[in-house]
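K.L.:
Below you'll find the structure I mean.
What follows is calculated from the coordinates using simple rules that are stated; it is not laboratory data. Not measured: the values here are computed from a predicted model. Every residue, glycine as well, gets a Cβ built from its backbone with ideal geometry; the counts of neighbours run over all protein chains shown.
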Ligand SMILES: [Zn+2]
C-alpha cells in the first residue's frame, strides 16, 4: 500500500504522462492512469487544447501589482473595478480564496493575496509572504479597514495576529472573520452561507 508507486507496464510516454498527472493535487495513481488513457483516446485537437491552456497560464499569468492576485491584466479586473469600495481590503492566503469570498456575493471591497501563511514548521516567515506589499498599499490612507480572511487553522490565526499587530500603529481598523467556520478547515471549501455570515459578523482583532 505505502510503497512508492510507479506506473509500470505502460509505454514510456504514457508512463511519463501518468507520472506528471499523479503530481497534481488530489490525483491518485488510479485517477492519473484513467486521465492518461482518456487523453490517449482524445483527438489530437483536444489534447493540443489542454497542452496549450497549461502553457498559456505559465506564459500569460502575472501577479497584480496592487493586490498580488493572479491575472492576465495588470491591475487585475477587481482592482480596476470602479464600483468597488476602496476603503476595504480583504486579506486572503491564496488566489482561490478570493473566489470563495466572491461566491458569497456580499463583499464589494478589494483584496490582498499573501500567497501563503506564516508557518515556522515549514520555514515560512512573513518575509516570504506579500506582507510588505500590503503595508505599502495602506500608506496613502485610502484603506480604512483590513479584514483578515486567512484560513481558520493555526497558521491562518498566527498570520492574522501577526498582521493585526503590524497594522496597529497605522490606525487602520483590523478585523477577523467571525468564528463559525470549521476550525482547521480551508476558506476555499467553506460553504457560501457560513462564509458570508463570518464576513458579516467580523470582529476586531
Ligand atoms: Zn488586483
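K.L.:
Using the alpha-carbon atoms, what tilt in degrees (0 to 90, nearest 10) does helix 154-167 show relative to the longest principal axis of the chain?
P.N.:
Helix 154-167 sits roughly 40 degrees off the main axis of the chain.
K.L.:
Then there's this: Using a 7 Å offset from the Cα along the Cα-to-Cβ direction at both residue 45 and residue 14, what is the distance between the two label points in nm, to one decimal?
P.N.:
So the two model labels end up 2.6 nm from each other.
K.L.:
Between 0 and 90 degrees, rounded to the nearest ten: what's the tilt of helix 29-41 against the longest Cα principal axis of the chain?
P.N.:
Compared with the principal axis, the helix lies near 70 degrees.
K.L.:
Express the relative contact order of the stretch 1-100 as a whole percentage, based on alpha carbon pairs under 8 Å and six or more residues apart in sequence.
P.N.:
Reported relative contact order: 11 percent.
K.L.:
Enter the angle in degrees (range 0 to 90, nearest 10) between the Cα long axis of helix 44-60 and the first principal axis of the Cα atoms of the chain, meaning the one along which they spread out most.
P.N.:
30 degrees
K.L.:
Sticking with this one: Name the shape class, rounded, prolate or oblate, that the alpha-carbon gyration tensor gives for the stretch 112-205, where a ≥ b ≥ c are the square roots of its eigenvalues, rounded holds for a/c under 1.5, and otherwise prolate holds if a/b is larger than b/c and oblate otherwise.
P.N.:
Since a/c reaches 1.5 but b/c is at least a/b, the shape of the stretch 112-205 is classed as oblate.
K.L.:
Mean separation of Cα pairs under 8 Å and 6+ residues apart, divided by the residue count of the chain: what relative contact order is that in percent?
P.N.:
15 percent
K.L.:
What number, rounded to the nearest 500 deg cm²/dmol, is the helix-based mean residue ellipticity at 222 nm of the chain, given -39500 (n - 2.57) per DSSP H run of at least four residues and division by all its residues?
P.N.:
Roughly -12500 deg cm²/dmol at 222 nm, from the helical runs in the chain.
K.L.:
How do the peptides 89-100, 110-121, 41-52 rank, highest first, by the average count of neighbouring beta carbon atoms within 10 Å per residue?
P.N.:
Those peptides, ordered most packed to least, come out 89-100, 110-121, 41-52.
K.L.:
Select from 184, 123, 141 the residue whose mean-square fluctuation is largest in a Gaussian network model of the chain (Cα-Cα springs shorter than 10 Å).
P.N.:
Residue with maximal mean-square fluctuation among 184, 123, 141: 123.
K.L.:
OK, next. Sticking with the crude label model, points 7 Å out along Cα→Cβ, report the distance from residue 170 to residue 72 in nm, one decimal please.
P.N.:
Distance between label points: 3.2 nm.
K.L.:
Continuing with the same structure: Given the options 136, 188, 155, which has the most mean-square fluctuation in a GNM of the chain, springs set between C-alpha atoms less than 10 angstrom apart?
P.N.:
136
K.L.:
Which residue, 16, 179, 137, has the most motion in a Gaussian network model of the chain that connects Cα atoms within less than 10 Å?
P.N.:
16
K.L.:
Output the peptides 124-130, 68-74, 79-85 sorted from most to least packed, where packing is the average of other Cβ atoms within 10 Å over each peptide's residues.
P.N.:
So the peptides 124-130, 68-74, 79-85, ranked by packing, come out 68-74, 124-130, 79-85.
K.L.:
So, one more: Please work out whether the chain counts as rounded, prolate or oblate from its C-alpha gyration tensor, where a ≥ b ≥ c are the square roots of the eigenvalues and a/c under 1.5 means rounded, while otherwise a/b larger than b/c means prolate and anything else oblate?
P.N.:
In terms of gyration-tensor shape, prolate.
K.L.:
Here's something else I'd like to know. Let me check against my output: what whole-number percent is the relative contact order of the stretch 121-198, with C-alpha pairs under 8 Å and at least 6 apart?
P.N.:
Over the stretch 121-198, the number comes to 31 percent.
K.L.:
Once the Cβ-Cβ distance between residue 65 and residue 108 is put in as r, and R0 is 25 Å, what FRET efficiency do you end up with, to the nearest 0.05?
P.N.:
In this case the efficiency is close to 0.70.
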